[in-house]
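J.: First the structure, then my questions, so here it is.
Bear in mind that the values in this text are calculations on the coordinates, not laboratory data. No experiment lies behind these values; they were computed from the predicted model shown. Cβ: placed from backbone, ideal geometry, glycine included. Neighbour counts: every protein chain shown.
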Protein chains: 2
Amino acid sequence: MLAIAVLVATAAAIHGETDDGQWIRPARDYASTRFSGLSQISSDNVKQLRLAWSFSTGVTRGQEAAPIVAGDTMYVVTPYPNILYALDLGHGGTLKWKYEPRPAAAAQGVACCDVVNRGAVYADGRIVFNTLDMHTVAVDARTGRELWKTKLGDINRGETITMAPLVVKNKVLVGNSGGELGVRGWLTALDLASGRIAWRAYSTGPDADVLIGPSFKPFYASDRTPNLGVSTWPPDAWRIGGGTMWGWISYDPALDLIYYGTGNPGPWNPDQRPGDNKWTTAIFARRPDTGEAVWAYQLSPHDLHDYDGINEQILLDLDVKGARRKVLVRPERNGYVYVMDRATGEVLSATPYGYVNTSKGVDLSTGRLQLNEEKTPVLGKVVRDICPAAPGMKDWQPAAWSPRTGLLYLPHQNLCMDVESVETSYIAGTPFVGMNVRMKAGPGGHRGELTAWDPVAAKAAWTLKERFPVWSGALATAGDVVFYGTMDRWFKAVHAKTGEPLWQFQTGSGIIGQPVTYRGPDGKQYVAVLDGVGGWAGAIVSGDLDPRDSSAALGFVAAMTDLPQYTAKGGTLWVFSLP
Amino acid sequence: MLAIAVLVATAAAIHGETDDGQWIRPARDYASTRFSGLSQISSDNVKQLRLAWSFSTGVTRGQEAAPIVAGDTMYVVTPYPNILYALDLGHGGTLKWKYEPRPAAAAQGVACCDVVNRGAVYADGRIVFNTLDMHTVAVDARTGRELWKTKLGDINRGETITMAPLVVKNKVLVGNSGGELGVRGWLTALDLASGRIAWRAYSTGPDADVLIGPSFKPFYASDRTPNLGVSTWPPDAWRIGGGTMWGWISYDPALDLIYYGTGNPGPWNPDQRPGDNKWTTAIFARRPDTGEAVWAYQLSPHDLHDYDGINEQILLDLDVKGARRKVLVRPERNGYVYVMDRATGEVLSATPYGYVNTSKGVDLSTGRLQLNEEKTPVLGKVVRDICPAAPGMKDWQPAAWSPRTGLLYLPHQNLCMDVESVETSYIAGTPFVGMNVRMKAGPGGHRGELTAWDPVAAKAAWTLKERFPVWSGALATAGDVVFYGTMDRWFKAVHAKTGEPLWQFQTGSGIIGQPVTYRGPDGKQYVAVLDGVGGWAGAIVSGDLDPRDSSAALGFVAAMTDLPQYTAKGGTLWVFSLP
C-alpha cells in the first residue's frame, strides 16, 4: 500500500498535481488518468456508501460536467445557460455564490446534439469555463466576480463550445464545436491572466494556419509533405471541413507537449470531400507556449463514419515489448485502443475493444487504418450494419486508469448503423451532414459496456454489459473501486480488479456526467456526480424528441426509443460518503 | 402505546382508511390529519435516516404535490405539463409507466403564481388528478391507460386547476383556481366511473347556483337570508367575484358531510366590491351526493387582504370546555386557528397563531371577524405594515396533527406588507387585482415558522423559526417525528413533543412539497418528499423573476430577493429509510 501511495504521489507531482484531496480539472491530472490516491472508500466498505448531500442545478439538459473541487469549494457548470455554482463543502453544500454568463439563446439552435458543457477548470485562484455561445470566461474562485470574458468565434457560422478548457503554463486551451455545421476546427490558447488570445491552431488549411513549421516531425513519412491541410481536400473544402476540437487535452510537463484530437471531416457524405482530409480525426502534439506542432497522426484518414478523433489521451509509462516507453493511450471512436509513443507519434499497437467491421486493422508500418470497402457509404444506397455506429465504440465519455491494476476503464457503447449518403450543400450555421443514419444495438443486443482494458496485453480483462450506452465518465480510486453511471439511473461501484458489482444507487435522472472524488474539509472522502440524462445519446429525453422520428439526433434516436421509459430529465449533483 | 395505536386504528376506520402503510390521498385520511400510525422510524433512530432512492420528474417548476402510494406503486404528478409517473416500489423506484396529458401551453400564462399541481388521489384502481388547463383525468392505476378526461372550464376566462381532487363515495371533487383573474369559483363533483359531471356548486351568485336549499342551516342568523351570494355584491360583481376553490377538502363519513373553503373575493381592491361578498373566504359543509349546502361560515367577510379561505379542515374529536365535540380545526390565512363544531358551523374559538394587526379578534356571538380599520386599504394611499401579508399567516401548505401529542403542526409564514389599492377593470383572462403590494419579513425578521399548536389550550406549545416561509406540508408519525421542508434546501425531522431538531438533510432544491410516509413491499418504513422550489413564495426562482421588480408575483418577490442565493430550480423525489 505504501509503495503504491508513493508511486501515485510521484505521478501526481510529475503531472503538476498538488493534492489528491482536490479535483481541479475534469480529468484530475494532466495525464488524464481520472485516478485518485484516496482510499478511505474501498472495495470492502463501498457498499455502505450513502448520500451526504445534493444540489439541484435548476437546468435539465444533459449534464456532462465534472464537479471541480478546489480548497473547500465545489464548482459546477450547467448546460446552457452555463450557470457556474460555487458550493461550500464546509457547510454541507450550501450555495456560496453563482455566476450567470447569460449566453445568447440562439446558441441552443446551433448546437448539434443537446446543449451540454463538459465542465470548468481551476487554476491560480480562477475558475475558467466556456459558454455555448463561443465565449471563455474566468471568474474569481473566491467571489464569483468576472475577471475576463473573451469571444472566440461566431454562433452564426455554426460554432459553439461544449468542451472543458485545460490550463497549461498560464495558457487556457479551448477548442470549438460544430463539425456537423461546416465549422473549421481549431484549438485556441488564451492568456490566463488577461484572457487575450495567444495563438490559434486550425485543424485544416495551410501549414501556417495549422502552426506546422520547422519543429514538425511526424513519425510517418507520408505526413511530412507541406500543406496537407489544403492538398488532401477538394479546392477550398478545408474551409468548411470540420476537424473541430470539443474533447480532451493532456499535457506532459517533461516533454512540454500538449496532446489533443480533432473531430470528423465535414460533411459526413465522403463523396463530397475526396482525399485524406487532413488534419481531421488526428492527434496533435504541440508546444503549449506557441502552439507549434511537433507531430501529428491521423486516426481515420478520409473518415467515412463520423469517427471524430476527440477522445482523451491517457499518458502512461508502460512496458511495451520489453522496453519502458512513454506512451499515449487513446481509446478511439473507430474502435481501436491505440498505444503510441508520445514523444514521436509512433503507433505501437492498435487493437479493437469491441466489434468493428468498418476496418480490418491498423498497418503499423504506415500507421494507416485498413478500411473494409463493404462498409463504405454509397450515394443513394443504404449500407447496412456498419459497426461501430457514428458515435463510435466510444464517444467523449472519458475513461479512467488505475496504476494499481494496470487497467483502463472504458465506458462505451455497442451500436451499429444503417446509412444512406445524400448530397448536401453548405449554408453557414445550418446542418452540413449529407447522411441519413439509423442506429441500433450492436452484437448481443445490449447498447453499452464498461470494459476493463489491459493496454500492455492489448485485451480486455473483463466487460460489464449495460442496457444503454455508458455515456458517463469513469473514476478509479486507490480503494480499488471504479465508479460510473448509467442512462437508466444507476450510479455504480465495481471492483477495479474483477468488475464485481459492489454497490449501486438509483439516482433521479440518468447519468452522463463525470464522477470525481475528493477529501472534504472534515477529512472524509466524498464521491460526486451529476445526474441529468441527455447529450447526443440522451437527446430523445433532454430534447423531447419524437421517438417516431428515427433520423432525430442524427439517427441516435432510433437506438434509444425506450429511454423515456427509464428516466426523465434531471440536473442534480449527488455527493456520497461513508456514514 | 397500545391504547394510542388502537385509537389511531379506530380513527383510520372512521375516516375510510384501509392501511397505514399506504398513502392514497395527499392528506392520507379524510380527516386531513397527515398522521401515519407507522413507527419504525422514531424520534430515537431518525438521525440514521438516509436516502434510499430518488427520481427526477424532469420538470423544474414548483413541486407542491404529495407522492401517492397505493399497493407497491408510487404516483407522482408534476407541475405543468402535469406528467403522472408510476414508480415501482418493489424495484427501488424504477419507472413503471408515465402518462402525459399534454395540457394546453397557454394555461401557463393564465396561472397566477407558478404552474403548480398539488397532487393526485387513488380510488378504486384509478389515479385521478387535474391538469392546469381545466381537465380532470382518470387513468388505470396499473397500466397508466387513460379512462376518462373531462373538461371543466376555460383557460380563456382565466381559469386553471392546481388543487388535488378528493374522491368521496364515487364522486371526484374538484375546484378551480383564478381568483386573481376575475374567475367565479366553484366546486364540481364528477362520477368516478365515467367522469361525467354530477353537480357543481358555485361560491357566489343565486342560492340555486350555490346549491343552497331547504337543508341549509348556517349557525349564525345573519347568514340565513336568501341569495346572499347576490345581495352582498354590487350588481353582477358576483359573476367575476372570485371565491375559487384550490385548496383542501375533508370528509366526515358519520355526518356524511364534506368541508372545504373558498378563496378571496376579486378584485383585491375592496372599494370595487362593497358588501360582504358572500360566499368568498367561507367554509362550506355539503352533502357529497348532491352538493347541497348544510352550513356555511364566512371567515373574512368583505376580505381586504387576499385572505383566501382555502386551507385545510382537520376533523377531530376534542374536549372543548369540558365537553367532547366533533370539531373542525381550521388554521386560517387571516391569522386565526378556528375550532368549529363541524355539525353546525359554530365557532368555538378563534385564536391568533402569530402576529395579526388586520383584525382584533372574532366575535363568538356573531361569528364575525373584528377588523382593524387602520389597516384597511385606501385608494391611492400606501397603507403600511399590514400583518399578516396577502399569503396570510399560512397559505395552502397543509398542517399535520398527532393524536399522540394533541398538537397541530403548522408550517406557515411571518410576513407583513405595504399596499396601495388602485382602480382595475375586468378583461377576461387577465389579472383583476387592483392592489400594489410589497411584502417583507414580519416581527423578528424571520419569514417562516413551524408552530406546534394546541387547539384545546388555544396556544402554541413550541415554535421553530425559519429563514424563509415554510411553504411545504408537514407530516406527523406514531414515531413522534414531525417532518417538513424548507425553501433553503433542508428536509427536517423534529421531535413531535418538543420540536427538538433530530435530523436534517440538504436536498437539491428548496422544498415546497408534501412529505408522506408508507410501508414498502420490503416491510420497511419510508418517508418521501419532492423538492423543487417555486409556488407563489418561490416564483422568483421557478419563474426566473427579476428581484428588482418588487411587485412581481403580486408583491411576494420583494420579500424573497435572497432566495436565489440559496437554491436553484429542481424537481426530484427523495425517498428516505433507515439503513
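J.: How far is the Cα center of region B:434-453 from the Cα center of region A:368-409, in Å?
T.: That distance is 60 Å.
J.: Quick one: Cα centre-to-centre distance for region B:468-487 and region B:39-98, in angstrom?
T.: 16 Å
J.: For each of B:135, A:305, count neighbouring Cβ atoms within 10 Å of the residue's Cβ, then give the residues from fewest to most. Write down the numbers at each step before the final one.
T.: Details: B:135 22, A:305 29.
Starting with the residue having the fewest Cβ neighbours, the order is B:135, A:305.
J.: In which sequence would B:375, B:278 go, from the one with the fewest C-beta neighbours within 10 Å to the one with the most?
T.: Final ranking by Cβ density, sparse to dense: B:375, B:278.
J.: Now a separate question. Per residue, how big is the convex hull around the C-alpha atoms of region A:274-393? Give it to me in cubic angstrom, could you?
T.: So the per-residue hull volume is 115 Å³.
J.: Quick one: which residues, 5 or more positions from residue A:73 or on another chain, have an amide H under 5 Å from its amide H? H modelled 1.01 Å from N in the peptide plane, none for Pro or chain starts.
T.: The list, which skips near neighbours in sequence, is A:89.
J.: Per residue of A:478-489, count partner chain C-beta atoms within 10 Å of its C-beta, then hand back the mean as an integer.
T.: Going residue by residue through A:478-489 and averaging, the value is 1.
J.: Need one number: % antiparallel among DSSP beta bridges in the protein assembly as shown, to the nearest 5. Could the numbers behind the result be given before it?
T.: On the way: 260 of 270 bridges.
Rounded to the nearest five, the antiparallel share is 95 percent.
J.: Right, here's the next one. Using the basic label-point model (7 angstrom from Cα toward the beta carbon), what is the residue B:289 to residue B:363 distance in nanometres?
T.: Each label point lies 7 Å from its Cα, and together they span 3.9 nm.
J.: Hey, can you rank A:137-144, A:478-485 by average C-beta count inside 10 Å, highest first? Provide the component values of the computation, followed by the final result.
T.: Working: A:137-144: 19.4, A:478-485: 26.6.
In decreasing order of mean packing, A:137-144, A:478-485 become A:478-485, A:137-144.
J.: Sticking with this one: When the Cα atoms of region A:141-228 are enclosed in a convex hull and the volume is divided per residue, what value in Å³ results?
T.: Considering the Cα atoms of region A:141-228, their hull volume per residue is 136 Å³.
J.: Continuing with this model, one more query. Summing Lys, Arg as +1 and Asp, Glu as -1, what charge do residues with Cβ under 9 Å from the Cβ of residue B:38 carry, residue B:38 excluded?
T.: 0
J.: Now for a different question. Provide a whole-number value for the mean count of partner chain Cβ atoms within 10 Å of the Cβ atoms in peptide B:504-513.
T.: Values: counts 1, 5, 11, 7, 14, 7, 1, 0, 0, 0.
Taking all residues of B:504-513 together, the mean is 5.
J.: Still on this model: How big, on average over all directions, is the shadow cast by the Cα convex hull of chain B, in nm²?
T.: Hull-based average projected area comes out at 22.2 nm².
J.: Output the peptides B:412-418, B:324-330, A:568-574 sorted from most to least packed, where packing is the average of other Cβ atoms within 10 Å over each peptide's residues.
T.: A:568-574, B:412-418, B:324-330
J.: Taking beta carbons within 10 Å but only from partner chains, what does the mean come to for residues A:56-65?
T.: Across the residues of A:56-65, the mean count of other-chain Cβ atoms within 10 Å is 5.
J.: If you don't mind, another one. Hey, which lysines would be in cross-link range of residue B:569, C-alpha to C-alpha under 20 Å, not counting anything within fewer than 8 residues on its own chain?
T.: Output for residue B:569: A:96, A:98, A:569, B:492.
J.: Could you pull out every residue, at least 5 positions away or on a different chain, whose amide H is within less than 5 Å of the one on residue A:104? Hs are placed 1.01 Å off N in the peptide plane, and Pro or chain starts have none.
T.: Hits under the 5 Å cutoff: A:133.
J.: In whole angstrom, how far apart do the alpha carbon centroids of region B:209-272 and region A:286-361 sit?
T.: Taking the Cα centre of region A:286-361 as reference, the centre of region B:209-272 is 77 Å away.
J.: Per-residue ellipticity at 222 nm for the protein assembly as shown, helices alone: DSSP H runs ≥ 4 residues times -39500 (n - 2.57), over residue total, nearest 500 deg cm²/dmol?
T.: Values: 10 runs with 66 residues, N = 1158.
The per-residue figure over the protein assembly as shown is -1500 deg cm²/dmol.
J.: Size of the dipole of region B:107-192 about the Cα centre, Lys and Arg at +1 and Asp and Glu at -1 on the beta carbon, nothing else charged, in debye to 20?
T.: Values: 10 positive and 9 negative charges, 52 e Å.
So the magnitude is around 240 debye.
J.: Continuing with the same structure: Once phi is turned into θ = phi - 60°, what whole-Hz ³J(HN,Hα) does the Karplus curve with 6.51, -1.76 and 1.60 give for every residue of region B:531-540, x standing for Gly and Pro?
T.: 9, x, 5, x, x, 4, 5, x, 4, 4
J.: Hey, what do the phi angles of region A:420-432 turn into as Karplus ³J(HN,Hα) couplings, whole Hz, using 6.51/-1.76/1.60 and θ = phi - 60°, x for Gly and Pro?
T.: 9, 8, 9, 5, 9, 10, 7, 10, 3, x, 10, x, 9
J.: For a footprinting-style exposure proxy, rank B:150, B:561, B:78 by other Cβ within 10 Å, fewest first.
T.: Arranged by neighbour count, lowest to highest, B:150, B:561, B:78 become B:561, B:150, B:78.
J.: Using only Cα atoms, what is the ratio of the radius of gyration of region A:416-524 to 2.2 N^0.38 Å?
T.: 1.43
J.: Please list, or write none, the lysines whose alpha carbon is within less than 16 Å of the alpha carbon of residue B:217, excluding same-chain residues fewer than 8 places away.
T.: B:278
J.: Something else: When the convex hull of the C-alpha atoms of the protein assembly as shown is computed, what volume per residue in Å³ does it have? Numbers along the way, then the final one.
T.: On the way: hull volume 179.5 nm³, N = 1158.
It is 155 Å³ per residue.
J.: Using amide H atoms built 1.01 Å from N in the peptide plane, name the residues 5+ places from residue A:96, or on other chains, whose amide H lies under 5 Å from its own.
T.: Those qualifying (amide H under 5 Å, at least 5 residues apart or on another chain) are A:86, A:87, A:88.
J.: Size of the dipole of the protein assembly as shown about the Cα centre, Lys and Arg at +1 and Asp and Glu at -1 on the beta carbon, nothing else charged, in debye to 20? Could the numbers behind the result be given before it?
T.: Numbers: 110 positive and 114 negative charges, 184 e Å.
Dipole of the protein assembly as shown, to the nearest 20 debye: 880 debye.
J.: Using the Karplus curve 6.51 cos²θ - 1.76 cosθ + 1.60 with θ = phi - 60°, work out ³J(HN,Hα) for each residue of region B:219-235 in order, rounded to whole Hz, and write x for Gly and Pro.
T.: 5, 9, 4, 5, 8, 9, 5, x, 6, 5, x, 10, 6, 8, 10, x, x
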